[in-house]
Amino acid sequence: MLAYLKFELRRMYREPRLLVLTIAMPVILFLALSPSITEQAKNPQDAKDTLAYLMVAWAAYGALIGTFSSGVGVSVERAAGWLRQLRITPLPPPIVVVCKAIACSLVAVPAVAMLSVIGIAKGVEFGGANLALLLVLVMWLGSIPFALVGLAVGFVLPPTLAQPASFLVSFSLAFAGGIFIPVNAMPATMQSVVRWTPSYRFNQNGVDILQHHAQSAASWAIIAGWALVFAALAALAYRRSAATK
Amino acid sequence: MTQAAVRLTDAVRLTGVTKTFGSVRAVDGLDLSIASGETVALLGPNGAGKSTTINMMLGLLAPAAGRIEVFGGSPQRAVSDGRIGAMLQDAGFVPNATVREMVDLARAVYARPLPAEEILRVAGLTDIAGRRLDKLSGGQSQRARFAFALAGNPNLLVLDEPTSAMDVASRQAFWAAMRAYAAGGKTILFATHYLEEADDFADRVIVVAGGRIVADGTGAQIKKVVGGRTVSFGLAGTGGADLWLPGVSAVDIRGDRAFLRSDDSDATVRALITSGRPFADLEIAGAGLEEAFLALTGKEA
């Protein structure tokens, strides 16, 4: 099992597309957008809060897109016949799916770590290195639902359809998470819906750390709930795909 | 004890196995047993049901009816015990990993793998061990699949058209490796549509067509049935009498030309010449395999 996990992780780290998507893009967007937004701040404290919010939002964006799209990548492996190849080895199929989910979720780690380092350099105050580590941990665990829903999409759709579907789903999740527009700037009805999404809770958990708030049990319950739903979907999709191909 | 010993000798046993896809019967009531240590070729044209049969033996497809046993248990059991290694036609590799990493992975998932260097050497991959899997040529990638199948040192190797995309040199190296593996007492089953390949490398050739077994025997026996020649010549106005020369199994006259189907074209031609009858434009052609399969299936019906 560890050998397979290692094999998968090494492959991901060599995928240039994934590195651009999860690290380069959020970093560039953060660096490009933060000056104009912090300039509009009314006072230095407000500027700091906004900068911290932006940093978490772009880290969340990188983690979300990265974990989700690497999950969708299983579609290509399926089309190539790699999953069939694995199914005639003693490696049990559920272990393959679990390893994939772990490997995909770990894509969040470098994204969040890199944004934290850049954030600190730009003046975001963490209040201790352990909080930076906590942020990475919280955002890694929080991105598990995205890896799982990505796998579900990847097991159901062929690569040609997985690409556009992936864009649609990840964009909706990022939007609901308040990554493009802060949630409290949305209409009230939309806000009440968005509060139930895993991406909003995911982003909020990160913001809570920067604001020295305790982690919300409700947020984690919602994330865990979505993780279960998406895990069931991924398992179902896997069984369906194994039956047909 | 004796019963257990008897069970152990059969590597694969199929009883009344049927598989349908919609209205198509891909495999139609197949009965087959392969003893441990045998090297068996599954010979048949495309669409004969070879791949479907293999996929069922590996537990990738469930039969619609019938029973499949591999080493006395279910195919899934044999796979999870690491007793089967297989090279599938439609199985491929993923990018961003090297040949050596793929071999290491295969070794890690089997309980009793072969040494990595031996796998690379046998599959002819030593020189390209550091190459990425997505950068391999067709033949190299076929050898990489072979390495993956071989890595776990399985008791039963199942190969679905293993030499497609290989050049002549790779083909020879592949079969040499296969012979060495079989010599260690392993059971090998391979699907092919080349009669020569089946005859050269298998102890036993099973011919399938239309999802059924149409012939089962040694390469020489099968060759006699499906590998006949057609001897044809212009009759030079002598008519169609006395054409049942030695070896001839069928006579056909079209216009002024005779087409003799022969199991032993050498004897037929020798007799033709010594008979002293005039003839023109003598030709000897190998019967097409497709044609031979049709003849076999026709005979069966």
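Quick notes on this structure:
- Of the residues in the stretch A:235-244, not one is over 30 Å from B:T52 (Cβ atoms) and surrounded by fewer than 17 Cβ atoms within 10 Å (Cβ to Cβ).
- Only one of the numbered conditions (1) within 14 Å of chain A (Cβ to nearest Cβ); (2) of a type in the set (A, V, I, L, M, F, W, C); (3) over 18 Å from A:Q85 (Cβ atoms) is violated by B:A129, and that is (1).
- The stretch B:86-100: number of residues that are under 22 Å from B:T52 (Cβ atoms) and either modelled with pLDDT of 95 or more or at the interface with chain A (Cβ under 7 Å from one of its Cβ atoms) (or both): 5
- Neighbours by Cβ (under 8 Å, 6+ apart or cross-chain): first from the stretch B:31-51, free of Cβ contacts under 8 Å to residues at least 40 places away in the same chain; second buried (at least 21 other Cβ atoms within 10 Å of the Cβ): B:S33/B:V12; B:S33/B:L14
- Cβ-Cβ under 8 Å pairs, at least 6 apart or on other chains, the stretch B:254-267 side free of Cβ contacts under 8 Å to residues at least 40 places away in the same chain and more than 22 Å from B:G237 (Cα to Cα), far side part of a strand (DSSP E or B) and not aliphatic (A, V, I, L, M): B:S262/B:R229; B:S262/B:T230; B:S262/B:S249; B:D263/B:S249; B:S265/B:R229
Every residue, every condition in (1) surrounded by 21 or more Cβ atoms within 10 Å (Cβ to Cβ); (2) more than 21 Å from B:Y194 (Cα to Cα), yes or no:
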residue	(1), (2)
B:T126	no, yes
B:R131	no, yes
B:K135	no, yes
B:G139	no, no
B:R143	yes, no
B:A151	yes, yes
B:P154	yes, yes
B:E161	yes, no
B:A165	no, no
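- Scanning the stretch A:1-48 for residues that are at pLDDT below 85 and basic (K, R) turns up just one, A:K42.
Conditions (1) part of a helix (DSSP H, G or I); (2) under 30 Å from B:P75 (Cβ atoms); (3) more than 14 Å from every other protein chain (Cβ to nearest Cβ), marked per residue:
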site	(1), (2), (3)
A:L86	yes, yes, no
A:K100	yes, yes, no
A:I118	yes, no, yes
A:G123	no, no, yes
A:A132	yes, no, yes
A:V136	yes, no, yes
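- The set of residues in the stretch B:141-160 being more than 18 Å from B:R112 (Cα to Cα) and in contact with a Lys or Arg (Cβ under 8 Å, 6 or more places away or on another chain) consists of B:D160 alone.
- From the list B:A182, B:A173, B:A191, the one residue that fits, being under 22 Å from B:N153 (Cα atoms), in contact (Cβ under 8 Å) with a residue 60 or more places away in the chain and part of a helix (DSSP H, G or I), is B:A182.
- Summed over the stretch B:121-133, the residues that are at pLDDT 95 or above and closer than 12 Å to B:A106 by Cβ give a count of 0.
- Enumeration of residues in the stretch A:3-25 that are part of a helix (DSSP H, G or I), surrounded by fewer than 17 Cβ atoms within 10 Å (Cβ to Cβ) and within 10 Å of another protein chain (Cβ to nearest Cβ): A:A3, A:K6, A:R10, A:Y13, A:P16
- Test for B:Q140: is it without any contact (Cβ under 8 Å) to a residue 40 or more places away in the chain and under 21 Å from B:R100 (Cα atoms): yes
- Tabulated pairs, the stretch A:59-83, first away from chain B (no Cβ under 14 Å) and part of a loop (DSSP other than H, G, I, E, B), second surrounded by fewer than 24 Cβ atoms within 10 Å (Cβ to Cβ) and among the hydrophobic types (A, V, I, L, M, F, W, C), C-beta under 6 angstrom, 6+ apart or interchain: none
- Selection from the stretch B:226-253 of residues that are touching a residue at least 40 places away in the same chain (Cβ under 8 Å), buried (at least 18 other Cβ atoms within 10 Å of the Cβ) and of a type outside the set (S, T, N, Q): B:V226, B:G228, B:R229, B:V231, B:F233, B:L235
- Considering only residues in the stretch A:99-138 that are free of Cβ contacts under 8 Å to residues at least 24 places away in the same chain and buried (at least 16 other Cβ atoms within 10 Å of the Cβ), the one that is nearest to A:V20 (Cα to Cα) turns out to be A:A113.
- Residue in the stretch A:36-43 that is more than 10 Å from chain B (Cβ to nearest Cβ) and within 22 Å of the chain's Cα centre (by Cα) present: no
- Residues of the stretch A:209-224 satisfying the condition of being surrounded by 18 or more Cβ atoms within 10 Å (Cβ to Cβ) and either without any contact (Cβ under 8 Å) to a residue 24 or more places away in the chain or touching a His at 6+ places or on another chain (Cβ under 7 Å) (or both): A:S219
The values are calculated or read from the model by the stated rules, or taken from the named source; none is laboratory data. Owing to the predicted nature of the structure, the values given are computational and were not obtained by experimental measurement. Glycine also receives a Cβ, built like all others from the backbone with ideal geometry; neighbour counts cover every protein chain displayed.
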